[in-house]
Amino acid sequence: MLLAYIDESGNTGSPKRGGSLTYALGCVLVDAANWATAFDEVLALRRRLRASFELPMRAEVKAKYLIRNTGPIQPLNLSPAERYLIYRAHLSVLAQLPSRAFAIVVDKRDRDDPAPSTCFDLAWEGLLQRLERTSSKEATPFLIFHDEGENMAIRGWVRRARRNLTAGSAFAGSGPMRNPARLLVDDPVARKSHQSYFVQMADLAAYAAFRAVIPPGPKIAPICPESMWMELRDATHRDVNKERPRGPAGIVLR
């Protein structure tokens with residue numbers, strides 16, 4: 001079974017009303033059979049970060065804290081270069097684990113004042129389509145874990161996907177195809193992100209994907225440069241956009 005850990009970056013609000021330029025979902029995939037090994041490797045990473053930067057084992061590491069030097073990161077008085085190293089270490093370790101990562105990025109600049117529900121639906125539809133394709137190709141069920149927040153809306157999308165999920169064809173003119181996610185197991189599991197290292201990694205992946213699409217300014221680039229997404233290396237789940245690549249490998253643009 002594949003365990004899919006998901007978190008978002010940005011918001012669904014209109015950029016014309018102060019919303020973010022994109023809405024992104026990051027997904028970290030871990031095979032259940034290898035979960036214990038992967039978790040032990042993440043624990044080892046956090047121990048190294050504790051030794052190097054005094055980062056507490058239970059500290060929640062999310063992109064907004066590293067970028068803004070807030071939350072549990074603030075008391076550590078870390079320089080931008082040190083926060084960059086912590087960010088990079090989390091993505092780099094995914095390449096050493098039995099894991100993969102990909103992201104869905106809804107670029108709101110290409111749309112005429114999109115409604116919040118439109119951005120949310122585009123992102124979750126795209127994510128569930130890629131999970132369905134992956135699970136079908138690998139003939140394995142999958143279970144979704146996500147950060148708490150839009151619990152009811154996410155549960156609605158997951159239940160719908162199990163019965164009636166469509167996917168755009170990779171061949172021009174052939175129209176959408178119906179691909180219900182028959183290997184999707186049960187309802188999604190909401191997790192508090194501070195209690196899940198893998199959900200935190202999904203958050204870091206989501207923000208890195210955003211910055212791979214829209215490069216950061218000079219204040220953010222020292223912590224999360226445009227190239228941060230490339231730190232995933234072999235952990236990049238390239239199959240999600242290899243048929244119609246519009247962005248970097250592993251990032252689905254919508």
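Any idea which residue in the range 192-210 is nearest to residue 225 (Cα to Cα), counting only those that are touching a residue at least 60 places away in the same chain (Cβ under 8 Å) and not hydrophobic (A, V, I, L, M, F, W, C)?
207
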* Which residues, counting only those in the range 100-119, are at pLDDT below 95 and out of contact with any Lys or Arg (no Cβ under 8 Å at 6 or more places or on another chain)? -> 108, 109, 110, 111, 112, 115, 116, 117
* Structure fact -> Exactly one of 54, 132 is under 23 Å from residue 3 (Cβ atoms), charged (D, E, K, R) and either at pLDDT 95 or above or more than 15 Å from the chain's Cα centre (by Cα) (or both), and that residue is 132
* Using beta carbons and a limit of 7 Å, which pairs, at least six apart or on different chains, have the first residue in the range 172-183 and of a type outside the set (A, V, I, L, M) and loosely packed, with under 10 Cβ neighbours inside 10 Å and the second one at pLDDT 50 or above and not in a loop (DSSP other than H, G, I, E, B)? -> 176/166; 176/167; 176/168; 178/166
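Is it the case that some residue within the range 130-137 is more than 21 Å from residue 107 (Cα to Cα), in contact with a Ser or Thr (Cβ under 7 Å, 6 or more places away or on another chain) and either exposed (fewer than 14 other Cβ atoms within 10 Å of the Cβ) or of a type outside the set (A, V, I, L, M, F, W, C) (or both)?
No - not one qualifying residue is present in the range 130-137.
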* To do: Could you list, in sequence order, all residues of the range 206-248 that are part of a loop (DSSP other than H, G, I, E, B) and either polar (S, T, N, Q) or modelled with pLDDT under 95 (or both)?
  => 241, 242, 243, 244, 245, 246, 247, 248
* To do: Sort out for me the strands (runs of 3 or more DSSP E) sitting completely within the range 138-198 that have 3 or more residues that are touching a strand residue (DSSP E or B) at 6+ places or on another chain (Cβ under 8 Å) and at pLDDT below 95.
  => 166-168, 176-178
* the range 4-42, residues that are in contact (Cβ under 8 Å) with a residue 40 or more places away in the chain and out of contact with any strand residue (DSSP E or B) (no Cβ under 7 Å at 6 or more places or on another chain) -> 13, 14, 15, 16, 19, 21, 34, 37, 39, 41, 42
* **Breaking point among (1) in contact with a Lys or Arg (Cβ under 7 Å, 6 or more places away or on another chain); (2) more than 25 Å from residue 21 (Cα to Cα), for residue 92** => (1)
* Asked: Taking the range 121-146 as the region of interest, how many residues are more than 20 Å from residue 246 (Cβ to Cβ) and among the aromatic types (Phe, Trp, Tyr)?
  -> 2
* To do: Within the range 1-56, count every residue that is surrounded by fewer than 20 Cβ atoms within 10 Å (Cβ to Cβ), in contact with a Lys or Arg (Cβ under 8 Å, 6 or more places away or on another chain) and farther than 21 Å from residue 121 by Cα.
  => 1
* Asked: Can you tell me which residues in the range 57-100 are without any contact (Cβ under 8 Å) to a residue 24 or more places away in the chain, small (Gly, Ala, Ser) and surrounded by 15 or more Cβ atoms within 10 Å (Cβ to Cβ)?
  -> 59, 71
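The values are calculated or read from the model by the stated rules, or taken from the named source; none is laboratory data. Model, not experiment: these values are computed from the prediction. Using ideal geometry, Cβ is built from the backbone for each residue, glycine included, and neighbour counts are taken over all protein chains shown.
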